[in-house]
1. Normalising by the residue count of the range A:208-334, find the relative contact order in percent from Cα pairs under 8 Å and 6+ residues apart.
2. Do you know the relative contact order of chain A, to the nearest whole percent, from alpha carbon pairs under 8 angstrom that are 6+ apart?
3. Between A:Ala251 and A:Ala135, what length in nm is gained on full extension when 0.36 nm per residue of separation is reduced by their alpha carbon distance?
4. Any idea how far the Cα center of the range C:196-237 sits from the one of the range A:195-220, in Å?
5. Test of understanding: extend the Cα→C-beta vector of C:Arg274 to 7 Å, then name every residue of the range C:11-25 with backbone N under 15 Å from that spot.
6. Starting from the amide H of A:Ala77, placed 1.01 Å from N in the peptide plane, find each other amide H under 5 Å away whose residue is 5 or more places distant or on another chain.
7. Kindly point out which whole DSSP H helices in chain B project their C-alpha atoms 30 angstrom or further along the helix axis while averaging a Kyte-Doolittle hydropathy of -1.0 or above.
8. On a 0 to 90° scale, report how tilted helix C:182-199 is relative to the longest principal axis of chain C, with both axes built from alpha carbons and the result rounded to the nearest 10.
Amino acid sequence: MTIPVFRFAPWQPAEQQLDHIAPAPLPSPFTPSVVLASVAVLLLLCFVSVGPLLWPQSHSTQWLSQVSLGPTTARAAKVVRDEGLWRPHGDVRSLRVADANTERVRLHWPALPEVKRYQLYRGSGLDAGLGLPLAISSTPYYEDRLQLRRALYRYSIADADTGLLLFSVEVRPQQAISEFEARLQGLIVGHKTTLPSTIMLPAHPLGTDALGRDILARLMAGGATSLFVGVVAPLLFISLGCILGAIAGYAGGVVDQAIMRLADFVVALPFLLFMILFRVAFGIGPGENGIAPLILAMLVLSWPSSARLVRGQVLALKGQPYVESALLSGLSTAAILARHILPNVLPIILVAFSFAIPQAIFTEAFLSFIGMGVSPPSTSWGAMCNDGIKTLLSHPRHMLLPALFISISVLAFNILGDALRDISDRRSGGVGR
Amino acid sequence: MLFYIARRLLFAAFTIWFIATATFFAMHAVPGDPLTQEKAMSPAVRAQLEARYGLDKPLDEQYLLFLGNMLRGDFGISFTQENRRVNDIIREHFPISATLGLAAILIALVGGVAAGSVAAHFRNRWPDRAVIFAVIAAISLPGFVIAAMAQLLIVRLNSAVDSTWLPVAGWGGVEHVWIPALVLGLGTMAYLSRLMRASMLEVLSSDYVLAARSRGIGPWRLFWGHQLRNAILPVVTELGPSIAAITTGGFVVELIFAIPGLGRYFVQAVQQLDYTVIMGTTVFYGAFLVIVVMLVDISYGIIDPRIRLTSGRRR
Amino acid sequence: MSLLEVENLSLHIGALHALRGVSFSLDAGECRALVGESGCGKSLTAMSLLGLTPPGAVFHADAFTLAGEVLPAQGSPAWRRHRGADIAMIFQNPMTALNPTQTVGAQLAESFVLHRNLGRREAMTAAVALLERLAIPQPAQRAAQYPFEFSGGMLQRVMIAMAVACRPKLLIADEPTTALDVTVQAEVLTLLAELQREQGTALLFITHDLGVVAEIADSVTVMYAGESVESGSVAQIFNRTAHPYSAALRAAVPSLKQDRRPEGIVGSPPDLRREVTGCAFAPRCRQRMAICEDTVPEFQCGEGQRVRCWRWHPDHPLRWREAENG
């Protein structure tokens, strides 16, 4: 095969018709996880700030009649007057349920001459078996006031001596509230002699805790504390660290030595141990919630890392020709700090800050969990976990819900911190992890 | 190297002194004095108690006395558990905490190194993703939540098989150690495996691993001889802080699993404001951690020839 | 039959078509220089000769044999028998190519243990002997030292010792002098040349330094954008340059003798993430022709000289070329 000669004719290309190789595009920092984390942080902030306005229940109100409830909606409750000891008169032909509500269940049965003492059992109507032995009664009636809820119960009455089963009845108590508690909660005002027959009880979308407090309201209030400590403490100790680091780096000499040796010592201290110690030492006066000593203790113990960071940066930047030229041109120290040093240090500080937040949330949770954090009636997610661990086996929800909130917030802040670090690394020409 | 060790020793001694001093003055800065917490007592009883705990002396004398006693290893008598010496409490309960902590750090180290190595070798494939997911889950859960959930799980498991083949709490045989130790080590394990993964990735992309492969060295020999030792160095530096984290994490794990370790006593003492026990255990724990961190740093110097042979400090 | 035959080597790494046709051969005792600008695939060619291309890379070659034996597939465990024993490599930077936490002696001895089945102690003795032969003073003490205690030039000697330890048939040197001080570069080159002559090893010398090529190599293969564009003896490449890219490379080297300025090559190599059609060098070529849009085969342009340029097609009017070359 021959090739036509004209195809070999020299042909000068246009001068700049050259391929420009575009660099591989950097991956966007807005990965789905980062977006999700941002949304989570925003939602959490809304939850603790706007939440209490939309959900005006108090986090510290205890509902004696509604302890450890599951999720409930708002519902009517019968008001029950406390009448003292119940003593029915007369005889009944068969087992009679005189009253069945969550305040009390009253049973009255025919007296049998051959039985001296009656053994009462209460079990779930859904399970077989007698269930919990309630009491031994010598009278043919009994009033049950033990932790009743709106569930199907089966009461069984047996001869306590022979064990012979005599009666059995299934009861589903009706929601009720005692007059005493209704007055306590302000649902009945004034000393009216005629009581309303029913009262609306508030909803508990996440149920109530072991002391009958609304968990949703507690999560909001606790979150406000946890996030407040989580954001304000790092803000304060990083600011302190920046100031000390800048002074050390800028002044140099004896001042630098003093600050940095102090930082060495503080870093060498076991952190949580000293958090506990300082927290004890600062103490809590009556009526205080314990947040201030907590933040103060963190301030004392956590400043060195950012101080070292800033000092290192200041020292590195001080040697830069453009800072030297600014010095020579007679710029004031403050102006140099603001114009040249701050913009370079700020990204690093921001990254440190974003990683300090989950750390602070963890610290607060740990201290509150061992009872060294906020003190009641204030609460935090860590303190809620501390309350919840006592009912872990019967009502895991009490502990797992605040734990979930701690985990989500820590995770979200960690992801944001990672993203922020990648961006700052990229800006300074480094390569992200 | 000797100079380096001497310097570290001096620094550690200073730090322990600092911890003791800070503890002493922190405890005396507490509003009121320890005895006012107790129920009302007659002035005579009070005077007697003050004399017993040395509270009647001036502060500087008390401080010197405290330092002197501490040097002799005497931390005084408990406030709430009458007649119980703090030394005895430490001697009796610290071995339990130490056993638990040692088991936890071993689990964390071995697990973290293994998980990190596997993740790095299978970068961006499913073992890597699984490790990353587990790490993220573990570092965003507080230690006490992991412990509580583990306990809940054991209870549910026991009731499912209708026997107690895993103890829920308490202390005794080996079966009581490994679950709390695993729970305690989990957070640190996650942290170490993240560290290990990063450093192993760096090693894997290094020239010397490529060069070793170019000499025909097989994967296992490469791992044990060339990759592991280099990748583990940054992990060893973090061992000191990890031990500190596990020690303090032990407080809650001991509390939740009802383990009679020193950590539980410390938390109880803090809650009951038992001043001598707080002071004693804080100084003890502080000294322990400072010494452990120092030992880890020194051993790091021995592992890494670049430091061992050039005597100076790192970098 | 040459010792090493590489014909039309091609390598895809994801979307990147990193090697698009590399062909060369190497006789025993021959030193071939592989030259080209950075990113043209020199090091990848070397890596594929060790079976160490990145995982997931798609590899193809028409011929890929060492001493008549077909080399295993990339990533195959069968490579371990060849690496270090038949084919050895010297890396660019000796400071990073040695394990920092193992003594130099231990790393040297490892090769003997692996490929010569020596015991630990015997391997160590052999390692010390090897260091001594490469004129490293106090070899026994040096063997017990760690890489960071060596100077760069000394370390590169160690690397060379490690590579020649098992007397490989083929030695690959990937820019062995670029990371070194100028003063020790010559020393290392001399050592390499000596060893090659002494052991009769074939040497594949990767470099972008044409001055070094003239000093050490017998033959040259010029690479551009993942393909070998011209191969021939040193004399042919330097005196009868056939490919415009080779000529441009030569023109880019500053010269003391001739009174001319070094000329850069306008533009940049093509983006290998996109498929290249026709001659890859065409957009930067001063002698571009209409036909350069077609994929270029290799042409013979002298005794053993092969070039990938349409100007050497038999139909190309000779007078035009002569006019160009002056």
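Quick note: the coordinates plus some simple rules give every number you see, no bench work behind them. Every value quoted in this text rests on a predicted model; they were computed, and no experiment measured them. Cβ placement follows ideal geometry from the backbone for every residue including glycine, while neighbour counts extend to all protein chains displayed.
1. Relative contact order comes out at 35 percent.
2. Relative contact order of chain A: 18 percent.
3. Taking 0.36 nm per residue and subtracting the Cα distance, the gain is 33.8 nm.
4. Cα centroid of the range C:196-237 versus Cα centroid of the range A:195-220: 85 Å apart.
5. What the label zone holds, given the 15 Å backbone N cut-off, is C:16-17.
6. A:Ile199, A:Met200, A:Leu201
7. In chain B, the long hydrophobic H runs are B:2-28, B:86-121, B:174-204, B:275-303.
8. So the inclination is approximately 80 degrees.
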